[in-house]
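One structure below.
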Amino acid sequence: MHNNEKINGSGKRTSFTHATAQAQAAGSIEAIPATVKDFRCPVCSKDFSGYPELKQHYTEDHPDAVIPVTVSLNINGKDCEVLIEPHWTLQRTLQFRLGLTGSKLMCDRGVCGSCTVIMDGRSVLSCSILAVECEGKNIQTIEGIAANPKWKPLVDAYCKWDAMQCGYCTPGFLVSAKSILDKNPHPTDEEIKEALAGNICICGTYPRHSTAIMEAASIMAKEGE
Amino acid sequence: MKNFNHINAKSLEEAIAILSEKNTVLIAGGTDIIPLLKDTVLPEYPETVINLKTVPGLEFIKEIKGNLCIGANTRLTEIAGNRTIKEKYTALAEAASKAATPHIRQMGTIAGNICQLTRCWYFRKPQNRFQCVRKNGNKCFAAAGDSRYHSIFGAVNGCLAVNPGDLAPALIALNAEIITTKRIINAIDLWETGYPSNTVLAKNEIITEIQITEPSSGTKSTFIKFAVRKSVDFAIVNCAVSVGKDSARICLNGVAPNPYRAEKAETVIAGKKVTAELAEKAGDIAVADAKPLKDTAYKVQIAKILVKRALLSL
């Protein structure tokens, strides 16, 4: 992958390979804060040392406002706790509380599929799910797929077949692809098209996805033998 | 989205108690209510959102004494993939498999699908820009405005917006019964264009179950949807038919403010062998009462052909 070499700010040569991407994803999962550290009031931005103090502050200063809540989530196998307001969606929580920027916000209305995550085995849209309703659910995001060496053939096939252009919708497609491969290790072209029908790509890369996923499926089947 | 209180209901009684006293909305799958809240479409922004997913015992598909019982929280994928429903209640399985996208079908519930609000773009305009009849205003903006996706059978309560559901016509064609916390409603009586809802349900009434009596042997049913795109889009017109030995039920949706049962066309088909001519005649009669607006004449043609195709595909 020498053609991908770049010179970074310090003059050191680094190359962006699958290994670096995998390390980046693993790093972002590692960096998920396990407990809430900042108890900041969303109304007046004051910091507090703990949740009881924040609650006390609400009863004194903002008696009519909705008190933020703490929610325990399980993201990519890692348990964590977040402080959010009840109207926060899962996508917003992932991006602004846990630093997982892979689930993209695009239409924000549950149409385009760019924010797809896997929750308890179902591929669902994180922009249309309230984070408070995800307590105790097992959630997998694109970072979990990128960090897991098992799914390297899928990512490689996507790169090889160039199943992306601007790349903004690609995380959603990959999560949907993983979801279909979980249920059906040998999907047909028709089944893949049906499973990806909820993901929209404005660059029009649709035909490449089924090619890439079918190739990844056959490679993964061989590896599994 | 603006802020609201969120309550995970542990039982239906708890949910009803909260529904009765405050300005509240229910959330199950959330695929309709969350965009509505994001766009501030509802005339009054709710103070409290009640989660029904935490109520136990609302997610099931069972056959009891030959009757099909579907829990209100059952997701559309489960209905689309259930073998019994596919075999005996084909129209319902096909409708569930054609609604929205695979992701939304894995989130959305059957009760949510039949209670969803209209997709009229004047009603859905963010920040309540159009105070239409559904929002206690005094006019329907589609009458003078762009009405290409609106009713061909005239207005109900002054509203020209159509019912968008895919499951609604299938449930009517299969003569389903909707069981709520208060009563049992026959599917055809459930939908009513009101303020701002699409159903006759009272403010503190929750759908718990959908029941369908087993069709007599030899009854076949099917569902056809016409939309601009195969996935994602709401139907421009959809049609469910169920034809037995001596009875037939035909229901169109997307053509009127409430699902439209073509009763005159049913009498043409009932008890006869469906031939190409008879199906064509049924299609003609189904839209005989149509009074299309200036932009919706094309929908009459689509509705006519869908009835014909659905009957011939049985």
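Just for segment B:1-48: of the residues that are facing chain A (nearest Cβ under 10 Å), β-branched (Val, Ile, Thr) and more than 22 Å from the chain's Cα centre (by Cα), which one is nearest to B:Gln116 (Cα to Cα)?
Among residues in segment B:1-48 that are facing chain A (nearest Cβ under 10 Å), β-branched (Val, Ile, Thr) and more than 22 Å from the chain's Cα centre (by Cα), the one nearest to B:Gln116 (Cα to Cα) is B:Thr48.
Within segment A:176-199, can one find any residue that is in the same structural domain as A:Val69 (by TED's automatic domain parsing), in contact (Cβ under 8 Å) with a residue 40 or more places away in the chain, of a type in the set (Ser, Thr, Tyr) and touching a Pro at 6+ places or on another chain (Cβ under 9 Å)?
Among the residues of segment A:176-199, not one is in the same structural domain as A:Val69 (by TED's automatic domain parsing), in contact (Cβ under 8 Å) with a residue 40 or more places away in the chain, of a type in the set (Ser, Thr, Tyr) and touching a Pro at 6+ places or on another chain (Cβ under 9 Å), which makes the answer no.
If the requirement is being within 21 Å of B:Asp233 (Cα to Cα), at pLDDT below 95 and buried (at least 21 other Cβ atoms within 10 Å of the Cβ), which of these qualifies: A:Cys107, A:Cys112?
Checking each option against the conditions leaves just A:Cys112.
Given the condition within 13 Å of chain A (Cβ to nearest Cβ) and more than 16 Å from the chain's Cα centre (by Cα), answer yes or no: does some residue in segment B:83-98 qualify?
Within segment B:83-98, not a single residue is within 13 Å of chain A (Cβ to nearest Cβ) and more than 16 Å from the chain's Cα centre (by Cα).
Considering only residues that are within 14 Å of chain A (Cβ to nearest Cβ) and without any contact (Cβ under 8 Å) to a residue 60 or more places away in the chain, which ones fall in segment B:202-255?
B:Ala227, B:Val228, B:Arg229, B:Lys230, B:Asp233
Look through segment B:294-314, keep the residues that are hydroxyl-bearing (Ser, Thr, Tyr) and not in a helix (DSSP H, G or I), and return whichever of them is farthest from B:Ala240 (Cα to Cα).
Per the criteria, the residue is B:Thr296.
Taking A:Lys137 as the residue in question, decide whether it is more than 16 Å from the chain's Cα centre (by Cα) and of a type outside the set (A, V, I, L, M).
In short, no.
Can B:Ala100 be described as at pLDDT below 95 and crowded, with 18+ Cβ neighbours inside 10 Å?
For B:Ala100, the condition - at pLDDT below 95 and crowded, with 18+ Cβ neighbours inside 10 Å - is met.
Going through segment A:115-129 one residue at a time, which ones are within 14 Å of B:Lys38 (Cα to Cα) and at the interface with chain B (Cβ under 7 Å from one of its Cβ atoms)?
Within segment A:115-129, A:Ser128, A:Ile129 qualify.
Does B:Thr199 meet the test of being of a type outside the set (A, V, I, L, M, F, W, C), more than 24 Å from B:Gln106 (Cα to Cα) and away from chain A (no Cβ under 14 Å)?
no
Based on what the data block shows, is A:Leu154 crowded, with 21+ Cβ neighbours inside 10 Å, more than 10 Å from chain B (Cβ to nearest Cβ) and among the aliphatic types (A, V, I, L, M)?
yes
If you go through segment A:174-225 one residue at a time, how many are part of a helix (DSSP H, G or I) and either of a type outside the set (D, E, K, R) or more than 18 Å from A:Ser103 (Cβ to Cβ) (or both)?
So the answer is 34.
When the residues of segment B:52-66 are filtered to those that are more than 12 Å from B:Leu12 (Cβ to Cβ) and under 21 Å from the mean Cα position of the chain (by Cα), which remaining residue is nearest to the other protein chains (Cβ to nearest Cβ)?
Restricting to residues being more than 12 Å from B:Leu12 (Cβ to Cβ) and under 21 Å from the mean Cα position of the chain (by Cα), the top hit is B:Lys53.
Which of the residues that make up segment B:204-225 are under 22 Å from B:Ala80 (Cβ atoms), polar (S, T, N, Q) and not in a strand (DSSP E or B)?
B:Thr213, B:Thr219
How about segment B:1-83: which helices (runs of 4 or more DSSP H) wholly inside it have at least 2 residues that are surrounded by fewer than 17 Cβ atoms within 10 Å (Cβ to Cβ)?
In segment B:1-83, the matching helices (runs of 4 or more DSSP H) lie at B:12-21.
Could you check, for segment B:104-112, whether at least one of its residues is polar (S, T, N, Q), more than 30 Å from B:Ser221 (Cα to Cα), part of a strand (DSSP E or B) and in contact with a helix residue (DSSP H, G or I) (Cβ under 8 Å, 6 or more places away or on another chain)?
no
Among the numbered criteria (1) touching a strand residue (DSSP E or B) at 6+ places or on another chain (Cβ under 9 Å); (2) away from chain A (no Cβ under 14 Å); (3) in contact (Cβ under 8 Å) with a residue 60 or more places away in the chain, which single criterion is violated by B:Gly108?
Result: B:Gly108 passes all but (2).
Being in contact (Cβ under 8 Å) with a residue 40 or more places away in the chain, more than 18 Å from B:Val228 (Cα to Cα) and out of contact with any strand residue (DSSP E or B) (no Cβ under 7 Å at 6 or more places or on another chain) is the filter here; which residues of segment B:265-314 pass it?
Answer for segment B:265-314, where residues must be in contact (Cβ under 8 Å) with a residue 40 or more places away in the chain, more than 18 Å from B:Val228 (Cα to Cα) and out of contact with any strand residue (DSSP E or B) (no Cβ under 7 Å at 6 or more places or on another chain): B:Val287, B:Asp289, B:Ala290, B:Lys291, B:Pro292, B:Leu293, B:Lys294.
What single numbered condition from (1) within 14 Å of chain B (Cβ to nearest Cβ); (2) more than 27 Å from B:Ser231 (Cβ to Cβ) fails to hold for A:Cys112?
With respect to (1) within 14 Å of chain B (Cβ to nearest Cβ); (2) more than 27 Å from B:Ser231 (Cβ to Cβ), A:Cys112 is out only on (2).
The values are calculated or read from the model by the stated rules, or taken from the named source; none is laboratory data. It should be emphasised that the depicted structure is a prediction, and the values quoted were computed from it without experimental measurement. Positions of Cβ are generated from backbone atoms using ideal geometry, with glycine treated the same way; all protein chains shown enter the neighbour counts.
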